[in-house]
Amino acid sequence: MNGSDLTAILPLIVLSGAIVTVMLAIASYRNHRITALLSVLGLILCLIAIWPASTVASRRVTPLLVIDRYALFYMGLIFAASIAVLLLSYGYLAARRERPEEFYLLVLVATLGAAALVASDHFASFFLGLETLSISLLGLIAYPRDHEKPIEAGVKYLILAGISSAFLLFGMALVYARLGSMEFTRIAALLAVKDDPPDLYWLTGLALIFTGIGFKLSVVPFHMWAPDVYEGAPAPVAAFVAVVSKGAMFALLLRYFVTTNADVFGPVPMMVEIVAVASILVGNLLALLQNNIKRILAYSSIAHLGYLLVAFLAGGALRIEAVTYYLVAYTVMTVGAFGIITVLSTSSAVAEVEDLDAYRGLIWRRPWLGGSFAAMLLSLAGIPLTMGFIGKFYAIAGGVSASLWPAVIALIVGSVIGLFYYLRVIVAICTPACEGPAAYAGAVPMIGGATLAALTLMLIGLGVYPTPLVHLIQLTAAQMTVR
Amino acid sequence: MILLWLILTPLIGGLLAGFSGRRNSALPRWLSLGCLAIDLALILVLSATHYGAAVTLNGTWLAQFDWPWIPQLGIRLHLGLDGLSLLLILLTLGLGVMSVVASWSEITERVGFFHFNLMLTLAGVIGVFLALDLFLFFFFWELMLVPMYFLIAVWGHERRIYAAIKFFLFTQGSGLLMFAAIVALALINYRQTGTLTFDYFALAKTRLGPATQMWLMLGFFITFAVKLPVVPFHTWLADAHTEAPTAGSVILAGLLLKTGAYGLLRFAVPLFPAASATFAPVGMTLGVIGILYGAMLAFAQNDMKRLVAYTSISHLGVVLLGIYAGNALALQGAIVQMLAHGLSTGALFILVGALQERLHTRDMRQLGGLWSTAPRIGAIGLFFAIASLGLPGLGNFVGEFLVLLGTYRVASGFAIAGTLGLVVSTIYALSFVQRVFHGERPAHTTLADFSSRHMLVMATMIVALVWLGCYPQPVFDTASSGLANLQRVASEHLPASGEP
């Protein structure tokens, strides 16, 4: 390992340093403000560290990690999302009784796991990153440990995370048994040499790996845990699970499929398409029945992962481009939507504002919050002027370019159904409220409000003029396809 | 650049109005009026400077604006104004002014937000009429829905939420079909030429097999048919029009329905000429069904607003018939019919809205004999009712007559069936006048007559309709320059589409 290698993994090193610093700080002097400040600063330093790393990309660092533009782009996305989640959590945690400091530590460790995932090029680093992420998430989900629901959600997550890891490991073992390598690039080379079609070992292994990843992505039929965990977890943690965990997993799935050329083999695209269609339809239909905003967002996230899988099936350079843009859009709007819930839940010390009825008249009492919530929902529905619209364009373009008409039709039908429940929420926030106890009486924390404003600006700015982002993504995608 | 300002002015006006509404409830109204006036001035200057050239050359663009937007995806900010767009934008601005004035006393709550949505809808509609990039077109197409949704859902009548959601789902859902068709067209073009573009002129040159062409055309057609609305897709219309506030109904009927017709004229037919020719009999059949069925439904209503809403289905059936008859005469008629329908139906909605504001009912069974109390409303109601039934000398007659004449040359059967619509429309229009303005007057009704503000609005619309009915030549000239453009785009396509 030489100097350039160290530069390449600088973001990961900085993050590890930040984790140790925060841990020592908590141990020596317990203070919410200082902990939060240190964590956010650490993540900002990580973001800055991406720049020197990009000068030496792309290179392989140890057999485990590969630092290319793709990995760095997703690291940037993950760091930015974590910063947003931490900023939103600050006011939320300050209003609660639990000791807030370890929360930051857990978020940082989970972020490290996610960042390692997007850079991994080897089953070992894949699994290490995944477990680092999942175990910290478990702590985060069950963080308010005096309450029943978070504990329940945590246990659910624990069990399903265990099962999915088992699937994953078994799949990896099968692939290793067949090909004798755990490096993605080696697997690709070995597959390319063999002239006989891939046998049952390889296909079963791939299917099991896809199942394990599918659990983490909560795509149908592996979605059962998502609504309960989203509902039980604190709102900022739900945002983190929805965005950082799923985003990193999806980035890894894409890297694995692109490097090993996995979906040129027989039934693989079919399998992905079926899962995509099922996720879109089931997610959207079940969301119709919910009255709890967090559950609505959970089911909507299942549907969005389905849209992402449609984009995932596109061919050529469009594939990485479409998935990446969609993931960025999904990150912004999901963090934004959960951010609203977080910010509104600051005023009450115990419960979160998650019942649809509690949102009645929000836009009239809190025009800015209500407006940005409406913008987030419209973006999730894919309406123009928002990032969601461009994302939907990419998803449709992906499906059309691969001539996957069933998936395109499912996407259209799903969007219409989706629109219906997003409109339900919008109707609620626009209905003139009948007089009653306003569930959101307290003041909005300044940091949280500013974060939401920044997210909304980004949502609309990059929705109206996505050119810079598209340019960046195309650069990222180009390097990945060339390799 | 002026074209961009045509869209930006209402957008900026809407934002200003939205923010000023908190302090003062009159300010948003004046700001909106001011912005519309600026827009009107812009377009008049633009057309005055280029008009002569455009008409003589017969089919050029008065102005174009082309600017990269998302260059990596070949998406451009390409706007173009020709005769067809010019007429429809004039209608948009005219009806925009009317709806601001008509809601002057009706809207008292959240005035700022109301005008924000109103102006945003108008900006979207103007964008739809100008866009020459298919992605941009879809962008504006969707953009006008959201503020319209808010107009219905917040300021509407009793069942506003239901109506607003139905409206949004129908139009948005069908829009995605068009979006998929646009993307498919662009990708096919990309495979043939190697450049990814959404440009109208470039995509028109795409070579398509007959089956592909038909599928893509259907994707566009269904979207526009829902908006127009063509009969099996019409159910959203009555609810949305009935529950919307007056200004919302005026814009829905006067403008949003026209975007459907415009889309057929500008995109569905010229981009897929062969498929459209094959499809024409179906299109004309749907048109005739719309004419008759809409008129019959209108006659059966007790709710005044619903009645007016259903007449729209009938009138736009005429437009659909004209578009698919396809000869110059019928197309001219369709365009005149669009303008005349915008004016007459807009006026009827304003009138009905005024009655509802005064009497708090739209049920014709509770009305009657209003002429004696409010002679101005009565007289104006009579005028627009007979305009709507197509009395010679008024705009609607010119439109319907030309469409039927043009259709007779192509398919006489459809023309004859369509003519029956004129008879049915007489029945519903006269029965409307009879039931509302004549007969027994319920004892308790006292109502204020139209104010001079309303009279001014109505007088403008009357003058415009009479002018359209008596001297439509300038409209024909302007429209024909636009039609020549469409012809040219379609003809570029035709020889190529013969290839495999």
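Some notes on this structure:
- Alpha-carbon spread of the protein assembly as shown, three principal axes, descending order, Å: 90, 69, 46
- Footprinting exposure proxy for A:TYR299, B:TYR149, B:TYR262, B:TYR162 (fewest neighbouring C-beta atoms within 10 Å first): B:TYR162, B:TYR262, A:TYR299, B:TYR149
- Annotation: Cα Rg of segment B:1-137 relative to the compact-globule expectation 2.2 N^0.38 Å equals 1.13.
- For residues of A:71-81, the mean tally of beta carbons on other chains within 10 Å: 0
- Note on A:384-397: average number of Cβ atoms from other chains within 10 Å of each residue's Cβ is 4.
- Across all directions, the average projected area of the convex hull around the alpha carbons of segment A:81-154 is 5.1 nm².
- Residue exposure proxy: A:THR55, A:THR431, ordered by other Cβ atoms within 10 angstrom of their Cβ from fewest to most, comes out as A:THR55, A:THR431.
- Normalised by the number of residues in segment A:267-483, the average gap of Cα pairs under 8 Å and 6 or more apart makes the relative contact order 30 percent.
- Projected area, mean over directions - segment A:212-301, Cα convex hull, nm²: 5.7
- Packing here is the average count of other Cβ atoms within 10 Å per residue, and on that basis the peptides B:110-122, B:268-280, A:166-178, highest first, run B:110-122, B:268-280, A:166-178.
- Taking N as its residue count, the alpha carbon Rg of segment A:155-226 over 2.2 N^0.38 Å: 1.24
- Per principal axis, descending, Cα span of chain A in whole Å: 73, 56, 42
- Distance-filtered residues of segment B:296-319 - backbone nitrogen under 12 Å, label point 7 angstrom along B:ASP363 Cα→Cβ: B:302-304
- Segment B:2-497: projected area of the alpha-carbon convex hull, averaged over directions, in nm²: 21.1
- Values of log10 I(q)/I(0), in the order q = 0.21, 0.23 Å⁻¹, for segment B:113-228 under a Debye, Cα-only, solvent-free model: -1.12, -1.26
- Sequence ranges B:459-472, B:208-221, ranked by mean other-Cβ count within 10 angstrom, highest first: B:208-221, B:459-472
- Over segment B:367-500, the hull volume per residue, using the convex hull of the C-alpha atoms, is 162 Å³.
- Compactness ratio for segment A:267-483: Cα radius of gyration over 2.2 N^0.38 Å (N = residue count) comes to 1.06.
- With at most 16 other Cβ atoms within 10 Å, longest stretch of chain B clear of loop GluC sites (Glu not before Pro) (DSSP): B:159-439
- B:VAL231, B:VAL336, A:VAL408 arranged by Cβ crowding within 10 Å, fewest neighbours leading: B:VAL231, A:VAL408, B:VAL336
- Cut-off of 10 Å, at most 15 other beta carbons, DSSP loop: longest stretch of chain A lacking such GluC sites (Glu not before Pro): A:99-434
- Model label sites at B:SER25 and A:TRP51, defined 7 Å from Cα along the beta-carbon direction, differ in position by 5.4 nm.
- Volume of the Cα convex hull of segment B:232-345, divided per residue and given in Å³: 90
Here, each number is a calculation from the coordinates, and none is a lab measurement. Quick caveat: nothing in here was measured; it's all calculated off a predicted structure. Glycine also receives a Cβ, built like all others from the backbone with ideal geometry; neighbour counts cover every protein chain displayed.
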